[in-house]
1. For the residue pair residue 222 and residue 136, what label-to-label distance in nm results when each label sits 7 Å from Cα along the Cα-to-beta-carbon direction?
2. Considering only protein heavy atoms, with the full assembly of protein chains and a 1.4 angstrom probe, order 254, 224, 68 by accessible area, largest first.
3. Please work out how much accessible surface residue 211 shows to a 1.4 Å probe, ignoring ligands, DNA and RNA, in Å² rounded to 10.
4. Between rounded, prolate and oblate, where does segment 130-278 land on the alpha carbon gyration tensor, with a ≥ b ≥ c its root eigenvalues, rounded for a/c under 1.5, else prolate if a/b exceeds b/c?
5. With every protein chain left in place and a probe of 1.4 Å, what is the accessible surface of residue 69, to the nearest 10 Å²?
6. Run the quick spin-label model on residue 242 and residue 76: label points 7 Å from Cα toward the beta carbon, then report their separation in nm to one decimal.
7. If I ignore ligands, DNA and RNA and count only protein heavy atoms, how much of residue 86 is accessible to a 1.4 Å probe, in Å² to the nearest 10?
8. Taking the Cα centre of each part, how many Å lie between segment 195-230 and segment 158-180?
Amino acid sequence: MKTTDTPPAGTDASKLPAQRTGAAGKSPSGPARSSEGQVLNVFSHGVLILWAIMVVLPLFWAVMSSFKTDSDIFNSPWSLPGSLNFDSWGRAWSQAHMSEYFLNTILVVGGSLVGTLVLGSMAAYVLARFEFPGNRFIYFLFVGGMSFPIMLALVPLFYVMDNLGLLNTIHGLILVYIAYSLPFTVFFLTSFFRTLPTSVAEASIIDGASHTRTFFQVMLPMAKPGLISVGIFNFLGQWNQYMLPTVLNTDPEKRVLAQGLVELAASQGYKGDYSGLFAGLVIAMLPVLAAYIIFQRQVVSGLTAGALK
């Protein structure tokens, strides 16, 4: 007797066995898309691994060489040090005056970082929250400042600093660093403040808080991820700044680390003290690495929070 595929009366068609509809509903491009995704995944991981090796290997080699003697650096440059030699660190810290350069850099970068974040966050908050004539014009002035080459401003900046009596001073260098970092800070934080909810600020205003109190006690704590992110970027740029202090800070007693490293490279190169040179290089790198390792989660969260609303 011949059987048919007609379901019994009263049977729900959606509960039929999957094999009757599975073959027709299966997409023929499924395996192809899966293989393409796997190839792309392997390629991206390979690029990231290669990039990590290119970044980590020179850092590891510099740290390793700072604990070696000069003969070990030339005879076995890629081998691990037989013993930890801290004499090169002592020579770089005391004889090469890296301790003085380190303190000067801490003062300059610390003062400029605080000033940049305070002034930049205030300007960004006003540009993001308040509408007034010239708002967009002022905003695009800051954006244009990001594209202005600093080399074109060195000569007039030198004469301005000289006329104001700020050459070869720590506070003069702090003011220049703040002006140098403000355009990017305002650009970054303006976009971040626009993503924050306006209802919180409106509620504080209704409760009787002034605009100043609302900014410092309500909005600024909410912008903490963005402040940390832009603070890390400014810290990296200001810590490694070389051109501005070279032109505006020629006093040997007030040099920063970037200037000290160049002097150390010249002096230690002639002496053949390469272990001291590597030690000075690692001393200059350690604060940057520590800052990124400590705040890496906040940096990522700040970057992603600014893109989500």
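1. 2.5
2. 224, 254, 68
3. 110
4. Taking the square roots of the gyration eigenvalues as a ≥ b ≥ c, segment 130-278 is prolate.
5. 50
6. Inter-label distance under the simple model: 3.2 nm.
7. 120
8. About 33 Å separates the Cα centre of segment 195-230 from the one of segment 158-180.
The values are calculated or read from the model by the stated rules, or taken from the named source; none is laboratory data. Predicted model, so just to flag it, every value in this text is computed and none were measured. As a convention, Cβ positions derive from the backbone with ideal geometry for all residues, glycine included, and neighbour counts pool all protein chains shown. To get the accessible areas, we keep the full protein, side chains included, count just its heavy atoms, and leave off ligands, DNA and RNA. Shrake-Rupley method; radii C 1.70, N 1.55, O 1.52, S 1.80 Å.
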